[in-house]
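To start, the structure under review is shown below, and the notes come after it.
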Amino acid sequence: GGNVDLKTPDVSILLFEGLGDGDEKILTRKVADGPKVSIINPNTRHCVTNTPLCPTTSYIMCNLGRIKSHSTILDPYAGSCSLLLASSLIESETTTVGIEIANENGINRTNIMTDFYSRDLTPPKSLLCGDFRNETIRDMARESIG
């Protein structure tokens with residue numbers, strides 16, 4: 001018994017729908033808040049492309065990749081570096097390199113670095129302009145990792 005405070009409840013219950021085939025639903029209790037990925041939302045960034053990777057998706061991809069201290073991350077389609085921002089948000093002691101085929105007219109690499117520095121995140125070792133399928137570009141990425 002007792003009063004229920006709907007504005008600041010003691011427990012939050014979440015309903016997930018459409019996770020399987022048919023009408024399956026999962027009812028679960030919220031046990032923790034995740035990271036504040038909103039700090040890397042495209043509308044808060046200096047460099048934004050036409051198709052930025054969603055911050056939550058970036059964060060999930062980094063978790064699936066099991067990023068930990070001293071991991072090395074290569075993003076062959078870096079774009080505005082959403083994935084590298086998320087990896088630096090998760091673990092500051094990572095080495096990251098981005099490869100993006102678009103030149104400075106398409107991707108402003110200075111603005112990308114500003115996105116890292118303005119959030120006090122570890123910036124990429126290198127942001128290479130080129131096609132990751134090119135062996136020379138891949139060699140340059142390896143060299144920048146050290």
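Descriptive notes on the structure:
- Residue-level analysis places Leu127 among those that are in contact (Cβ under 8 Å) with a residue 24 or more places away in the chain and farther than 30 Å from Asp10 by Cβ.
- Considering only residues in region 110-146 that are of a type in the set (D, E, K, R) and within 17 Å of the chain's Cα centre (by Cα), the one that is farthest from Ala86 (Cα to Cα) turns out to be Lys125.
- The single condition among (1) surrounded by fewer than 17 Cβ atoms within 10 Å (Cβ to Cβ); (2) at pLDDT 85 or above; (3) within 14 Å of the chain's Cα centre (by Cα); (4) not β-branched (Val, Ile, Thr) that Ser71 does not meet is (3).
- When the residues of region 107-129 are filtered to those that are in contact with a strand residue (DSSP E or B) (Cβ under 8 Å, 6 or more places away or on another chain) and over 23 Å from Ser71 (Cβ atoms), the one that is modelled with the highest pLDDT is Cys129.
- Leading residue by the ranking (surrounded by the most Cβ atoms within 10 Å (Cβ to Cβ)) among those in region 91-105 that are under 14 Å from the mean Cα position of the chain (by Cα) and of a type in the set (S, T, N, Q): Thr96
- Selected residue (only one of Ile90, Ile99 is out of contact with any Ser or Thr (no Cβ under 8 Å at 6 or more places or on another chain), modelled with pLDDT of 95 or more and within 18 Å of Met61 (Cβ to Cβ)): Ile99
- In region 102-140, the residue that is nearest to Pro42 (Cα to Cα) out of those that are among the hydrophobic types (A, V, I, L, M, F, W, C) and in contact with a Gly (Cβ under 9 Å, 6 or more places away or on another chain) is Ile112.
- Among the conditions (1) touching a strand residue (DSSP E or B) at 6+ places or on another chain (Cβ under 8 Å); (2) within 19 Å of Cys129 (Cα to Cα), the only one that Ser88 does not satisfy is (2).
- Candidates Ser118, Ser87 - the one that is in contact with a helix residue (DSSP H, G or I) (Cβ under 6 Å, 6 or more places away or on another chain) and hydroxyl-bearing (Ser, Thr, Tyr): Ser87
- Single residue of region 34-58 satisfying the filter (of a type in the set (A, V, I, L, M, F, W, C) and under 9 Å from Ser80 (Cα atoms)) that is modelled with the lowest pLDDT: Val48
- Here the condition is being under 30 Å from Glu143 (Cβ atoms), among the hydroxyl-bearing types (Ser, Thr, Tyr) and in contact (Cβ under 8 Å) with a residue 60 or more places away in the chain; of Thr94, Thr72, it holds for Thr72 alone.
- All told, Ser88 falls short of being touching a residue at least 40 places away in the same chain (Cβ under 8 Å) and surrounded by 14 or more Cβ atoms within 10 Å (Cβ to Cβ).
The values are calculated or read from the model by the stated rules, or taken from the named source; none is laboratory data. All values reported here derive from a predicted model rather than from experimental measurement. A quick note on method: Cβ atoms are made from the backbone with ideal geometry, for glycine too, and the neighbour counts reach across all protein chains shown.
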